[in-house]
Amino acid sequence: MRLPELRMTSATRTVFGLLGGVLILIALAVLVTSLRSPQPDSLPVGGAVTPTPTPTAIALAPTALDPAVSAIQQGDVRSQTFVAASNLSNTKTTAVGYRVFSGDVKPAAFASVVAQTFGVAGTPVSGDNNSYVVSNGADKPEVTVYSDPLVRWHYSDQRLIAGKPVDEDQAKKIAKTLLAPLGVPVESAEWEVAKDQNRVVVRAWLVLKGLRTELGWTVVIAPDGEVVWADGFAASLVAVPGYPVLGAADSLKRALKPGWEFAGPAAWTGSGATATLAVPGPVPTVAGRPVLVAGVQKLVVVKAELGLAQFWQPDGSLLILPSYIVTTDDDEKWTVLGVGNAYVSTRDLVPASDQAGRAITLG
């Protein structure tokens, strides 16, 4: 049985044609609208995009970070970089360094000498931290000498004495009289005198080639002229000639390599820049994101002269080595290690507890 044939009249075909055209126009309109819709600035997780509210005083107040977010401490966004001037000297040479040498100094015997100098009677006995102590009992004056590379020592008298401080010249004279018999080079030392309430603090700094070292002796004098504290060291510095020295430009270049920060540049002395430095210009943005602006101070090394710098050793001793005293274009002075690579040994740091012996801490 044949199915009846469906026939469409011309009117019917016209209606369907118009309807199809309308549907196509609607679909195109929806597509164009979706393509022209503005994209949101951000897509919140798990929710629809909502209009950004108008900022208010409350909305602008800072909010605490989520506890799950780690915050780093704010730092100063600036740094320094050093470059050598084109005419900076770069001539290799040799020079003298110095090392600590205790020689024939025996800590126990030296404790007796210091005790006699400061009027403390008694026999040296073993104390804490590998030391020898001379004392007449608790709260009495005592002398302590340490068995370390510098053979450090101190004298202590815990009395509190009222009255006016002694004259500074008199205090310096007292210090010289006490220190000279202990081997202190009182005539070549650099002296520094200061008041601490009603006491006078006298310091004598060891000087090498006109440069003051960190090694020195201290005497604290009470109002009655009595010494209530003194400290120093008994080891000497022995010259070590013949250190090969790099040129100034090469020394600076080496010091600026990663891992060579210990070689400098280290601040020394000088007038320095008098003006406060600021970072110029506005904060730019890239693709709508703020850019971190960091100020970099470019210091040009314009002068270098061979001098000395001191370096503490792992065993608590001290090396004073040929180094350059360089001057930057802001009139600041810095030290840069100059000795050749063969005389520098680097080691990876390890926890102090892994060391066989206790590390020596210098005050």
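In whole Å, what are the Cα extents of the range 73-166 along the three principal axes, biggest one first?
In descending order, the Cα extents are 65, 42, 35 Å.
Straight-line reach from Lys164: which lysines fall under 28 Å, measuring Cα to Cα and dropping same-chain residues less than 8 apart?
Lys140, Lys172, Lys173, Lys176, Lys195
Tell me the net charge near Val220. Cut-off is 14 Å between Cβ atoms, Val220 excluded, with +1 for each Lys or Arg and -1 for each Asp or Glu.
-2
With the crude spin-label approximation of a point 7 Å out along Cα→Cβ, what separation in nm comes out for Ile161 versus Ala294?
My value for the distance between the label points is 5.6 nm.
Report the one residue of Gly295, Ala275, Phe311 whose Cα lies farthest in the direction of the positive end of the charge dipole of the range 273-334 (charges on C-beta: Lys and Arg +1, Asp and Glu -1; origin at the Cα centre).
Checked the options; the winner is Gly295.
Please give the contour-minus-distance gain from Val105 to Arg212: 0.36 nm per residue of separation, less the Cα-Cα distance, rounded to one decimal in nm.
Between Val105 and Arg212, full extension yields 36.1 nm more.
What are the lysines whose alpha-carbon lies under 30 Å from the alpha-carbon of Lys303, with same-chain residues fewer than 8 places away excluded?
Correct list for Lys303: Lys92, Lys209, Lys253, Lys257, Lys333.
For the range 103-234, what percent of Cα pairs sit more than 19 Å apart?
50
No value in this document is a laboratory result; all are computed from the given coordinates. None of the values given here were measured: they were computed from a predicted structure. As a convention, Cβ positions derive from the backbone with ideal geometry for all residues, glycine included, and neighbour counts pool all protein chains shown.
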